[in-house]
1. Which whole-Hz ³J(HN,Hα) couplings does segment 100-105 yield from phi under the Karplus relation 6.51 cos²θ - 1.76 cosθ + 1.60, θ = phi - 60°, glycine and proline marked x?
2. What's the extension gain from residue 137 to residue 201 if we count 0.36 nm per residue and subtract their Cα-Cα distance?
3. Can you give me the relative contact order of segment 59-202 as a percent, contacts being Cα pairs under 8 Å and 6 or more apart?
4. Long-range amide H contacts for residue 195: which residues qualify at under 5 Å (H placed 1.01 Å from N, peptide plane, sequence gap of 5 or more or a different chain)?
5. Order of 146, 119 from fewest to most other C-beta atoms within 10 Å?
6. Express in nm, to one decimal, how much length is gained between residue 118 and residue 163 on full extension, taking 0.36 nm for each residue of separation and deducting their alpha carbon distance.
7. Counting other beta carbons within 10 Å of each residue's own, what order do 198, 76 fall into, fewest first?
8. Would you mind calculating the gained length between residue 66 and residue 78 on full extension (0.36 nm times residue separation, minus the Cα-Cα distance), in nm to one decimal?
Amino acid sequence: MTAFQEQLGSKLESTRTLVDVIAIDKVSWPPRCHRYRYRSGHRLALIQDHCHHGGVQTVFEAAGGKDGMLRLADAWHRRVMADDVVGHAFSHGFHPRHVERLADYWAEALGGPSTYSECYGSETTVVKMHSGNGEHDEMDRRAIACFDQALVDAGFADVRLRQVLHDYFAWATSTTMARYHRSADDVPDGLRIPRWSWDGLQV
């Protein structure tokens, strides 16, 4: 037992209630919380979380918040517009604020504010825009490759953060956005934007 744990146990010895004590390990990335649960001075459990300034850090926060999402969305948009295959999806035009909307969508999915749902539409709206175009596996693969390149372009240097962002984009591209390739009419109403954390899809 460390001196810290011994001192802590002494202070908590008289209480009968559950007490959670959080110690922050800033060496790892993202910083980890070591949450110790005590009762009557005895440690009952240890729960590890990703933390930021003493609280849970979302992928959105680790990626630089709104500014980080805008950089990434802009970098990805530039990559796909330069790609002969993926760029075809934009050949009929796109919304003038496409980059901002995309950034808001990713932000919400990665633990940020619900701006997209409140201002632009639901997951149903987004999936319908990507449905009814037949199967497009090659386009999906190249879109993911463009995303990986965009991560570098946008300055995401941390390997673990890049992996989490890659996993999210690859999952979304190859599942929810590719599920209703026959017709957009097949997309059900009431879909909500999926949330993605350091542990993957949140259910």
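Any read-out appearing in this document is the output of simple, stated calculations on the displayed coordinates, not a laboratory observation. All values reported here derive from a predicted model rather than from experimental measurement. Don't worry about glycine lacking a Cβ; one is built from the backbone with ideal geometry, like all the others, and counts go over all protein chains shown.
1. For segment 100-105, the Karplus-derived couplings read 5, 5, 4, 4, 5, 5 Hz, x marking Gly and Pro.
2. Full-extension gain reported as 20.9 nm.
3. 34 percent
4. Distant-sequence amide H within range of residue 195: 202.
5. Taking fewest neighbouring Cβ atoms as first place, the list is 119, 146.
6. Working it through step by step, the gained length comes to 13.3 nm.
7. With the sparsest Cβ surroundings first, the list reads 198, 76.
8. Contour length minus Cα-Cα distance gives 2.5 nm.
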